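The values are calculated or read from the model by the stated rules, or taken from the named source; none is laboratory data. Predicted model only: the values in this text are computed from it and were never measured. Note that we place each Cβ from the backbone using ideal geometry, even for glycine, and neighbour counts take in every protein chain shown.
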Amino acid sequence: MSEQRKRHEALIYHAKPIPGKIKVVPTKKYTSQRDLALAYSPGVAEPCLEIEKDKNNAYKYTTKGNLVAVITNGTAVLGLGNIGPEASKPVMEGKGVLFKIFADIDVFDIEIDTENVDEFVETVKRIAPTFGGINLEDIKAPEAFEIERRLKEELDIPVMHDDQHGTAIISSAALLNAVELAGKKLEEVKIVISGAGAAAISCSRLYRAFGADRKNMVMLDSKGVIRSDRDNLSKEKAEFSTDRDLHTLNDAMQDADVFIGLSISNIVTPDMLKSMAVNPIVFAMANPDPEIPYDLAIATRKDIIMATGRTDHPNQVNNVLGFPFIFRGALDVRSTTINEAMKMAAVKALAELAKEPVPEQVNIAYEQTKLTYGRDYIIPKPFDPRLISVVPPAVAKAAMETGVAREPIEDWEKYEEVLMQRLGNDSKLVRLLHNRAKSDPKRLVFTEADHLPVLKAAQIAFDEGIAKPILLGDREKIEALKAEIEFHEDVPIIDPKSNEERERRNRYAQVHWDQRNRSGTTMISSKKLMRERNYFAAMMVNEGDADALITGFSRSFPSVIKPMLELIGLDAGATRVATTNLLITERGPLFLSDTSINIDPNSKDLATIARMTATTVKMFGLEPIMAMISYSNFGSSHTTSPRKVRDAVSYLHQYYPNLIVDGEVQTDFALNNEMLQDIFPFSKLAGKKVNTLIFPNLDAANITYKLIKEINHAENIGPIMMGLKKPVHILQLDASVDEIVNMSAIAVIDAQKKQKRRQRH
């Protein structure tokens, strides 16, 4: 992707359809006059009076307890430097998004127009009553140290400068495990720190808190080793100065055990790595490019334990593992501060979590057979769903033990349940989906690439590394559209009707005729069919010229499914073809089946659809919890439709007892845990969160998924084809670009899965 196009797309993303990335939404009803009278005058006076009696009641009656201010003056924004408060706002909004999706914390971003420390501190102090916590961001050193110190002293709510402590916390967890795996002791290892900014200082202090010996630490800035005989050292740099006869990075790396990089790219050479001690630990965390490229480092030292700040290599040191969950724990006990004990508790929790068996969902997301604690897995992955139930409790307990918690937690099991419920609608599945596809992208045919949304989706799939697009359609039109959207990369364009494809058409026609000549098909009709893009694309997949295809953007589902069923056929062991749609809803992911194919399935068909859907749900790393839907609850009606659902459930219970499935049940009971537990405690679904709905007929399933999608603006992935021999997926008519991209990822993952199955057999 060209830099110009990257810039254009970034600007469009932030500007459309609504400028910015965050908004405020009401959490209470506001439809009636009564609601408004309670929300504002006169009803609002009552909580005001309660808070006047005791200001801590603000946590009870307002959003204060779940509201964090992300505050900056724009003096050290990313790698952009001092760009000012207004220019920093997109970054602060982005930080707000991360707080919300990882820990369900609401954020107001605050940009303060001053570089004066006193003015900055005073401003934050004056607005602090609004918030439950303060996250300082992108403030240049050394002012950042002073600002944080003063605010922590003068405020009674949690304050943390993430640029300092985030990297320190995550890298400390990684370092504890790396030192253990290297067979060394933290108090004995020699540590080189390249960089002397806020993050480097904070990292060094935290390493010392865990036992690293100050005498064994060497810090460097742009001038070289920070020696005690240098003039005009800040007190922070002086804290880590050395008297040893070292001047350059090359000097410092001799026999070093650990390298911590928080500086600039490509400053560490292979010779420097070779000079390090046995089992060297290298955390090259400069972004976007590390101090030494990962592949070069691994090739240079086979005994290295390596971490970077990048997503495309093992052991990513990512601040998102820390700050959302640290604030979550601090807010939940109404802590007056974030102290060293709380940060150290987060470090220990992260380090220990890496040693635990990894959930299948995480293995699937990272396309790993089994992630296991070791040199390539020393810290948890950002997508690990256990983070929210492990780190906040550790932080909260540390707050309670150190006497800074104003609202101690008593029921820890209930607290962990509440934390897990906060995962909600954060689109993690979509990110996992894309990540998994990118691990092994496949050749994907876009059969309608001469339509702009399809071509745009293909472009995104290519740029993101999700797939290797093959563009089918009118060549001239595709090339014109490519130029329009600045899609300059060289990807295959195939026009099935063109003369240059005559040989391939004839070859495909021969195969088609050989397979169907006893079914009334002539060679002429086979050749004619191969001029149609869906038949041509299906043959490409059948003959190994492509790995997968998506189609259906501009044509009705019945007209598109016909050639797929005719040419692709059923998968081994499959008796039916069906579809499921995944909706990312406010309550979490929800699968609905069958949304596109089976009009009025019988009981055996319903059981088959349920089993196929369960397999698909597991593909996403989730445990299927399935409700078989009807207008009846557990035998309350004896008419035909509920009876067939009931029979399907009976069959599944008898022959597939390990499946968590039950019914027949009405939709509201299926989706309401408390109602189901209260009225039907005998059900297999009681006490569980249903994530899959199997409907009695196509009408019910299709209407329901489209209703939810449009009214709730739920993100839709599907229809996902189930039961076909090859990775073929059909879009809903006029699908959006995002929906096509998501389906591209599904098609690639399907191809990955089927390839692995073939290799096993």
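Summed over the range 558-576, the residues that are within 23 Å of Lys709 (Cα to Cα) and buried (at least 18 other Cβ atoms within 10 Å of the Cβ) give a count of 2. Looking at Asn318, Asn363, just one residue is under 16 Å from the mean Cα position of the chain (by Cα), farther than 18 Å from Asn135 by Cβ and surrounded by fewer than 20 Cβ atoms within 10 Å (Cβ to Cβ), and that residue is Asn363. The residue list Val77, Val44 contains one member that is farther than 26 Å from Gly588 by Cα and surrounded by 14 or more Cβ atoms within 10 Å (Cβ to Cβ), which is Val77.
To keep it simple, each residue is scored yes or no on (1) modelled with pLDDT of 95 or more; (2) over 28 Å from the mean Cα position of the chain (by Cα).
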{"site": "Gly544", "(1), (2)": "no, yes"}
{"site": "Leu565", "(1), (2)": "no, yes"}
{"site": "Gly569", "(1), (2)": "no, yes"}
{"site": "Ala610", "(1), (2)": "yes, no"}
{"site": "Lys618", "(1), (2)": "no, no"}
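Checking the range 229-252 against the condition returns a match, with at least one residue being within 19 Å of Met306 (Cβ to Cβ) and either surrounded by fewer than 16 Cβ atoms within 10 Å (Cβ to Cβ) or more than 33 Å from the chain's Cα centre (by Cα) (or both). A search for C-beta distances below 6 Å between a residue of the range 338-357 that is closer than 20 Å to Asp384 by Cα and any residue that is hydroxyl-bearing (Ser, Thr, Tyr) and buried (at least 24 other Cβ atoms within 10 Å of the Cβ), counting only pairs 6+ apart in sequence or on different chains, returns Val347/Ser172. Screening the range 321-408 for helices (runs of 4 or more DSSP H) wholly inside it with 1 or more residues that are within 27 Å of Ile281 (Cα to Cα) and at pLDDT 95 or above returns the ranges 323-332, 340-353, 387-401.
Every listed requirement among (1) surrounded by 23 or more Cβ atoms within 10 Å (Cβ to Cβ); (2) in contact with a helix residue (DSSP H, G or I) (Cβ under 9 Å, 6 or more places away or on another chain) is met by Arg533 save one, (2).
When each of Leu206, Leu220 is tested for being in contact (Cβ under 8 Å) with a residue 24 or more places away in the chain, part of a strand (DSSP E or B) and aliphatic (A, V, I, L, M), the lone residue that passes is Leu220.
Taken over the range 283-298, the criterion of being over 26 Å from the mean Cα position of the chain (by Cα), surrounded by fewer than 18 Cβ atoms within 10 Å (Cβ to Cβ) and either under 20 Å from Leu181 (Cβ atoms) or without any contact (Cβ under 8 Å) to a residue 12 or more places away in the chain (or both) is satisfied by Ile298 alone.
Candidates are the residues of the range 639-660 that are assigned to a loop (DSSP other than H, G, I, E, B) and without any contact (Cβ under 8 Å) to a residue 40 or more places away in the chain; the one that is nearest to the chain's Cα centre (by Cα) is Asn658. In the range 67-78, is there at least one residue being free of Cβ contacts under 8 Å to residues at least 60 places away in the same chain and out of contact with any helix residue (DSSP H, G or I) (no Cβ under 6 Å at 6 or more places or on another chain)? Scanning the range 67-78, I find no residue that is free of Cβ contacts under 8 Å to residues at least 60 places away in the same chain and out of contact with any helix residue (DSSP H, G or I) (no Cβ under 6 Å at 6 or more places or on another chain), so the answer is no. Would you check which residues across the range 226-269 are aliphatic (A, V, I, L, M), in a helix (DSSP H, G or I) and farther than 16 Å from Asp213 by Cβ and list them? Listed by number, the residues that qualify are Ala238, Leu249, Met253.
When we screen Lys456, Lys442, Lys468 for residues that are within 30 Å of Phe383 (Cα to Cα), out of contact with any helix residue (DSSP H, G or I) (no Cβ under 6 Å at 6 or more places or on another chain) and surrounded by 16 or more Cβ atoms within 10 Å (Cβ to Cβ), the only hit is Lys468.
Scanning the range 338-354 for residues that are buried (at least 20 other Cβ atoms within 10 Å of the Cβ) and either under 20 Å from Pro158 (Cα atoms) or within 16 Å of the chain's Cα centre (by Cα) (or both) yields Ile338, Met342, Lys343, Ala345, Ala346, Val347, Ala349. Of the helices (runs of 4 or more DSSP H) contained entirely in the range 1-64, those carrying at least 1 residues that are over 35 Å from the mean Cα position of the chain (by Cα) fall at 33-39, 45-53. Of all residues in the range 555-567, one or more are assigned to a loop (DSSP other than H, G, I, E, B) and outside the structural domain of Asn716 (by TED's automatic domain parsing). Of all the criteria given as (1) under 30 Å from Phe131 (Cβ atoms); (2) part of a loop (DSSP other than H, G, I, E, B), the one not satisfied by Ser171 is (2).
In the set (1) touching a residue at least 60 places away in the same chain (Cβ under 8 Å); (2) in contact with a His (Cβ under 8 Å, 6 or more places away or on another chain), Ala200 fails one condition alone, (2). Total residues in the range 617-638 satisfying the condition of being outside any helix (DSSP H, G or I), in contact (Cβ under 8 Å) with a residue 60 or more places away in the chain and in contact with a strand residue (DSSP E or B) (Cβ under 6 Å, 6 or more places away or on another chain): the figure is 7. Does at least one position in the range 702-719 carry a residue that is over 25 Å from the mean Cα position of the chain (by Cα) and part of a loop (DSSP other than H, G, I, E, B)? No, because not a single residue in the range 702-719 is over 25 Å from the mean Cα position of the chain (by Cα) and part of a loop (DSSP other than H, G, I, E, B). Any idea which of Thr613, Thr595 is in contact (Cβ under 8 Å) with a residue 40 or more places away in the chain, part of a loop (DSSP other than H, G, I, E, B) and assigned by TED's automatic domain parsing to the domain that holds Asn673? Thr595 is the lone residue from the list that is in contact (Cβ under 8 Å) with a residue 40 or more places away in the chain, part of a loop (DSSP other than H, G, I, E, B) and assigned by TED's automatic domain parsing to the domain that holds Asn673. When residues in the range 305-324 are screened for being among the aliphatic types (A, V, I, L, M) and over 15 Å from Ala173 (Cβ atoms), 1 of them pass. Sort through Gly663, Gly723 and tell me the only one that's closer than 20 Å to Ile629 by Cβ and either small (Gly, Ala, Ser) or under 25 Å from the mean Cα position of the chain (by Cα) (or both). Gly663 is the lone residue from the list that is closer than 20 Å to Ile629 by Cβ and either small (Gly, Ala, Ser) or under 25 Å from the mean Cα position of the chain (by Cα) (or both). Screening Glu154, Glu148, Glu180 for residues that are farther than 20 Å from Ala199 by Cα and without any contact (Cβ under 8 Å) to a residue 24 or more places away in the chain leaves exactly one candidate, Glu180.
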